[in-house]
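The values are calculated or read from the model by the stated rules, or taken from the named source; none is laboratory data. In this text, all values refer to a predicted model and were calculated from it rather than measured experimentally. So basically every Cβ, Gly included, is an ideal-geometry build from the backbone, and we count neighbours across all protein chains shown.
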Amino acid sequence: MPCNQCDFILMPNMRNPANVSHLREQVTIQRNNGTSVNAANEVQENWIDVCTVYADVQPISQSEAWRGPQLSASAQVRVRIRWRSGITHKMRVVHGERILYIMTAVDVDARHRWIDLLCSEEAPST
């Protein structure tokens, strides 16, 4: 179906990249600030907030696989936000209780208006 605001064709399940009304969910982008050792002598990563923005969070795919004796689930998620410089694959997105690790950041229309964060989420193993 043609988009009324631009020159390209949108697939039926895609949203118009120029429609800000789809940015309904608040997410926090964080960067790693190194590691520390806690009281139990375990190494843990320290994450600090970079910004909190509104986003369109859409699942792309989900999978389950056996890793040794445990079943592990993972999901691929697209997080679309307004353009921001400095976002890299070394950051993560916090969406409610979910933690999404950024695999890549894509300038949607190469005009610095929108950025798609393609993220990976791994569910805790049971």
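Test residue 37 against the criterion of being surrounded by 13 or more Cβ atoms within 10 Å (Cβ to Cβ) and either at pLDDT 90 or above or out of contact with any His (no Cβ under 8 Å at 6 or more places or on another chain) (or both), and give yes or no.
On the way: surrounded by 13 or more Cβ atoms within 10 Å (Cβ to Cβ): no; either at pLDDT 90 or above or out of contact with any His (no Cβ under 8 Å at 6 or more places or on another chain) (or both): yes.
For residue 37, the condition - surrounded by 13 or more Cβ atoms within 10 Å (Cβ to Cβ) and either at pLDDT 90 or above or out of contact with any His (no Cβ under 8 Å at 6 or more places or on another chain) (or both) - is not met.
When residue 75 is tested against (1) at pLDDT below 90; (2) touching a Phe, Trp or Tyr at 6+ places or on another chain (Cβ under 9 Å); (3) under 21 Å from residue 31 (Cα atoms), only condition (2) is not met.
Just the residues that are aromatic (Phe, Trp, Tyr) and in a strand (DSSP E or B), please, taken from segment 80-123. I'd like the intermediate steps shown before the answer.
At the first step, the residues of segment 80-123 found to be aromatic (Phe, Trp, Tyr) are 83, 101, 114.
101, 114 - these are the residues of segment 80-123 that are aromatic (Phe, Trp, Tyr) and in a strand (DSSP E or B).
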